[in-house]
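A short write-up of the structure that comes next.
The values are calculated or read from the model by the stated rules, or taken from the named source; none is laboratory data. Worth saying up front: this structure is predicted, and the values here are computed from it rather than measured. Heads up, the Cβs are rebuilt from the backbone with ideal geometry, glycines too, and the neighbour counts pull from every protein chain shown. Areas reflect the complete protein model, heavy atoms only, side chains present, ligands, DNA and RNA absent. Shrake-Rupley method; radii C 1.70, N 1.55, O 1.52, S 1.80 Å.
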Amino acid sequence: MYFLRRFLPLLILSLFVQLGYSAKHFKFEGIAMGSSQTEFFSKLQKKGFQAISQPEFITDTANIASYYWGTYKGHSGTILAVSGVRKNKNKADKLVVYLDASTSWHSLYDNYYKIKQSLTKEFGQPKECREMFHINGQPKTDDDLFLEVKHGNCEYLSIFSSKRGVVMLSIVYKKGEARVNVVYLDQETVGGSMQHSH
């Protein structure tokens, strides 16, 4: 009983602090962002993500602390790049999800659409959405559509926003590969200015 009287208030306080922390920060797969990278990495691994070396297709490595492989919203072959973008680089306040590369417009759009549906259920309608091809006319076949992606004429972007953070879903083509990217930014940590920098 002495132990409970002495330490129970501390345990309750600790719990409230943790709950308050989680409420202020954005979450990825149920894990609060903005925590130390060590803590965030540990929780990612408990979710089944495996640490890997830097993938060849990722060229922008600024502030990236670690890479992970796993399954994201039912998509296996997913790679995560976790980074700190504020002065304290030891925080996990930005995470980029790279879905597996697609070899056709059909599979690329299918990945984009399914992730968009899932994010819409989670955050509501996108704050901003641009889905178009910057060419004269509309491509007809799957090959035509995929070719325009390779030429950089495809702009598919959906931005979801909440008080805790921002999520940006897009189709990208880099280093000869087309894939869907999802960027998570912790609003509490990086500040509102990040929302307008993309």
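Of the numbered conditions (1) within 15 Å of Val172 (Cα to Cα); (2) in contact with a strand residue (DSSP E or B) (Cβ under 7 Å, 6 or more places away or on another chain); (3) of a type in the set (Asp, Glu), Asp110 satisfies every one except a single condition; which is it?
Evaluating Asp110 over (1) within 15 Å of Val172 (Cα to Cα); (2) in contact with a strand residue (DSSP E or B) (Cβ under 7 Å, 6 or more places away or on another chain); (3) of a type in the set (Asp, Glu) leaves (2) as the failure.
Pick from the range 145-166 the residues that are touching an Asp or Glu at 6+ places or on another chain (Cβ under 6 Å) and not aliphatic (A, V, I, L, M): which of them is least open to solvent (accessible area, probe 1.4 Å)? Before you say what the answer is, go through the steps one by one.
The first filter runs over the range 145-166 and keeps only residues touching an Asp or Glu at 6+ places or on another chain (Cβ under 6 Å), leaving 154, 156, 159, 165.
Then drop every residue that is not not aliphatic (A, V, I, L, M), which leaves 154, 156, 165.
Details: Cys154: 23, Tyr156: 31, Gly165: 1 Å².
That would be Gly165.
Cβ-Cβ below 8 Å, separation at least six or inter-chain, first residue in the range 133-144 and under 20 Å from Ser102 (Cβ atoms), second open to solvent by 100 Å² or more (accessible area, probe 1.4 Å) and not polar (S, T, N, Q): which pairs?
Every condition considered, the pairs that remain are Asp142/His106.
Looking only at residues that are touching an Asp or Glu at 6+ places or on another chain (Cβ under 9 Å) and aliphatic (A, V, I, L, M) in the range 111-141, which one is modelled with the highest pLDDT?
Among those that are touching an Asp or Glu at 6+ places or on another chain (Cβ under 9 Å) and aliphatic (A, V, I, L, M), it is Met132.
Name the one entry in Val172, Val149, Val82, Val183 that is β-branched (Val, Ile, Thr) and over 21 Å from Thr71 (Cβ atoms). Before you say what the answer is, go through the steps one by one.
Details: Val172 fails: over 21 Å from Thr71 (Cβ atoms); Val82 fails: over 21 Å from Thr71 (Cβ atoms); Val183 fails: over 21 Å from Thr71 (Cβ atoms).
The unique qualifying residue is Val149.
Which fully enclosed strands (runs of 3 or more DSSP E) of the range 55-144 have 1 or more residues being crowded, with 17+ Cβ neighbours inside 10 Å and of a type in the set (A, V, I, L, M)?
64-72, 75-83, 94-98
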